[in-house]
1. Taking GLY159 as meeting all but one of (1) touching a strand residue (DSSP E or B) at 6+ places or on another chain (Cβ under 9 Å); (2) farther than 12 Å from SER254 by Cα, write down the number of the exception.
2. Under 21 Å from ASN288 (Cα atoms), modelled with pLDDT of 80 or more and in contact with a strand residue (DSSP E or B) (Cβ under 6 Å, 6 or more places away or on another chain), is that true of PHE601?
3. So which pairs qualify, if the first residue must be in segment 60-89 and polar (S, T, N, Q), the second must be surrounded by 14 or more Cβ atoms within 10 Å (Cβ to Cβ), the Cβ gap must be under 8 Å, and the two must be at least 6 apart or on different chains?
4. Hey, can you tell me all the residues within segment 445-486 that are in a loop (DSSP other than H, G, I, E, B) and either modelled with pLDDT of 80 or more or among the aliphatic types (A, V, I, L, M) (or both)?
5. State which residue pairs qualify: first residue more than 16 Å from GLN169 (Cα to Cα) and inside segment 183-203, second residue exposed (fewer than 12 other Cβ atoms within 10 Å of the Cβ) and modelled with pLDDT of 85 or more in any location, beta carbons under 8 Å apart, and separation of 6 or more residues or different chains.
6. Kindly indicate which of MET612, MET625 is at pLDDT below 90 and either closer than 22 Å to VAL541 by Cβ or not in a helix (DSSP H, G or I) (or both).
7. When ALA560 is evaluated against the numbered criteria (1) at pLDDT below 90; (2) closer than 23 Å to ARG537 by Cα; (3) of a type outside the set (Lys, Arg), which criterion, by number, is the only one it fails?
8. Confirm whether THR152 is modelled with pLDDT under 85, outside any helix (DSSP H, G or I) and not aliphatic (A, V, I, L, M).
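The values are calculated or read from the model by the stated rules, or taken from the named source; none is laboratory data. Keep in mind that this is a model prediction, so the values were computed, not measured. For neighbour counting, all protein chains shown are included, and Cβ atoms are generated from backbone atoms with ideal geometry for every residue, glycine included. The accessibility values were calculated without ligands, DNA or RNA, using every heavy atom of the protein model including side chains. Shrake-Rupley method; radii C 1.70, N 1.55, O 1.52, S 1.80 Å.
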Amino acid sequence: MTQVPPRQLTPRPVSHDQAAQLLAEIELAAGLGAFIWYPEDAPTWSDGFYRVLGLEPGDPDVIAAHFYERVHPQDLPALTATWQRATAGETVSLTYRVLRAEGDMRWVDGRCIPSLDESGRVVRVLGTVKDVTEKHEASIKLTRANAVLRDTQKAAGVGSHLFRARTDQVEWSDELYRILGLDPATPLTPQLAASFTHPDDLEKQRAWSERVARGEVMPPLLVRVIRADGALRYLETRASCVDLTSGPTVQGVSIDVTARHEMEERLRHAAKMEAVGTLAAGIAHDFNNYLGVLTMHLDSISEDGSAELDAMVSGARHATEQCSEFTRQLLTFARKQPAAPRELDVVALVGDAGRLIQGLLGASVIVSVKLPEAPILSHVDPGQLESALVNLAANARDAMPRGGKLSLEVSRLELTRADARLDRDCAPGHYALIRVSDTGSGISPEHLSRIFEPYFTTKAAGQGTGLGLAMAYGSVRQHQGFMRVKSTLGQGTLFEVYLPVVETRERRTPSASRTVVSQRGKLTGRVLLVEDVDPLRELAVRVVQSLGVEVVSAADGLIALEHARAAATPFDVVVTDLMMPGMTGGELARAIAELWPRTKFVFMTGYVEPAMNNALIAEHAGCAMLRKPFRSHDLAETVRSLLLARSTPDK
């Protein structure tokens, strides 16, 4: 098959008139204008030049001065200077504004090209003007949009980025530079960009980026980055891959979510603390029930035992008291056990605790106590505060296995709201500051933020419960105080305990409480005893029956309420556990009070919320509270006093 050569097209000559017409059409289509100027002669304008100025093309009345009248007054000095440079032989350009005859303002780009003779003298200047109003306004809008975007990114902590896969080109917004603490003038490479990512997150980031580059829709990526100044930040990145003219491009945003991450961590920590506190309270409640059984059995043995047996019972009772104190600390940590604070001198209390701590730590640890001469008063529960100090001392002892020095120091200081040491949950004011410092091994930075978490410990299995510092923290917080800790590895640890100061001693008047006269004679009355733990209920029934009164027992609130509704005569006293399945002791008391308004109540509890305690006392006048574990004679005397004080029965 014969191949036909391509058709050869020969340019057609254009006449002078055709060229002039073509130039006029090009000027009209492109918004162009031209002029030519010869020294000592008036310039010649094209029709397009007239149109740019808003004048009628070829108007014979228009002179060169009219052009300068059309130039915006603010741009006239620059235009004059530029023209002088052009007439001196320099190629120049300038963007300026003209005020058209129609009254509107237009932006034009002007350019002048001079022609020189052999001696370097300007023989003519050829110039062009182009209407660039739309382009200039679009540029202004783009500049403003970029400024708004830059300010918005800064306000939101959001930086944008772009990666061109074909050329390995990386682009960042100013805010991303700021987030990473990098100078915006720094040349970017993929290697430099990756160098800010935490080493442990590099592999995760690489795998995520590869899937995004393949076009997959990926969830946000959270990574840690290390700023140029060494600070650790958390970045959340969202990105997608688009196919631009320059090839596949990954574009996205990275958000500084450090504050959000820290808040989430605090919320998780608070939820964990609340969950563990609830667990601790439940354990303490059940533990107290069976401690009550042991205590009452020991009381029974003690009544009939020999001297030798009494000594053994005394040791067992001491052990139960220690267990009871442990559960009280658990409840304090869980904030389920109301403190019993009173106005005390913190200086004297710490002095006494110092002597106790020296005996506990042994001779290998030197205990130094530095106290001010003047007393510092605060509302504290002495048992709780002493227990907190002992826990801090025990923690210090474990950090000094070969011995060392433990220092206790008390001082008074004032904290203002601007004080950096002020805890966000504590009000400004005067505080008693107790400093407990040691010369031990110190606490590593990664563990420092977790030391007050319950059950967190760095000790080997069997060498600690991880509750000591958590309990100390709970005790201090319950006294409206707070704690701080500072530590350096190999140099020791400092705990600071802040307790609100009482400025003056309160005047106290003797309590108007009724004096109970213990009468060993035969009592009369009917008692309803409600307890869901069988051994404790059986022992309590036996103790109350020893008073000579009729006792009806029930294993829960619902059964007890049936007994009350079926009774022909009211019960004089109802002894009930507070926390029971089905119906609480408070709900039972409310139902029985509606049936028999003059019935008295004794509430037994392993723990009680302060608000619940106050509500029950306000609702049931003359009621009594027995905290488990209680002694047999405590139960007997409490019931006896209510029977002796009871009103005349309903008729």
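1. Failing condition for GLY159: (2).
2. Details: under 21 Å from ASN288 (Cα atoms): yes; modelled with pLDDT of 80 or more: yes; in contact with a strand residue (DSSP E or B) (Cβ under 6 Å, 6 or more places away or on another chain): yes.
So PHE601 passes the test.
3. Partner pairs satisfying both residue conditions: GLN74/ARG97; THR82/VAL92; THR82/LEU94; THR82/GLY110; THR82/CYS112; THR87/PRO114; THR87/VAL122; THR87/VAL125.
4. ILE451, ALA460, ALA461, LEU467, GLN480, GLY481 - these are the residues of segment 445-486 that are in a loop (DSSP other than H, G, I, E, B) and either modelled with pLDDT of 80 or more or among the aliphatic types (A, V, I, L, M) (or both).
5. HIS198/LEU232
6. Values: MET612 fails: either closer than 22 Å to VAL541 by Cβ or not in a helix (DSSP H, G or I) (or both).
Exactly one residue qualifies, and that residue is MET625.
7. Unmet for ALA560, out of (1) at pLDDT below 90; (2) closer than 23 Å to ARG537 by Cα; (3) of a type outside the set (Lys, Arg): (1).
8. On the way: modelled with pLDDT under 85: yes; outside any helix (DSSP H, G or I): no; not aliphatic (A, V, I, L, M): yes.
Here the answer is no, as THR152 does not meet what is asked.
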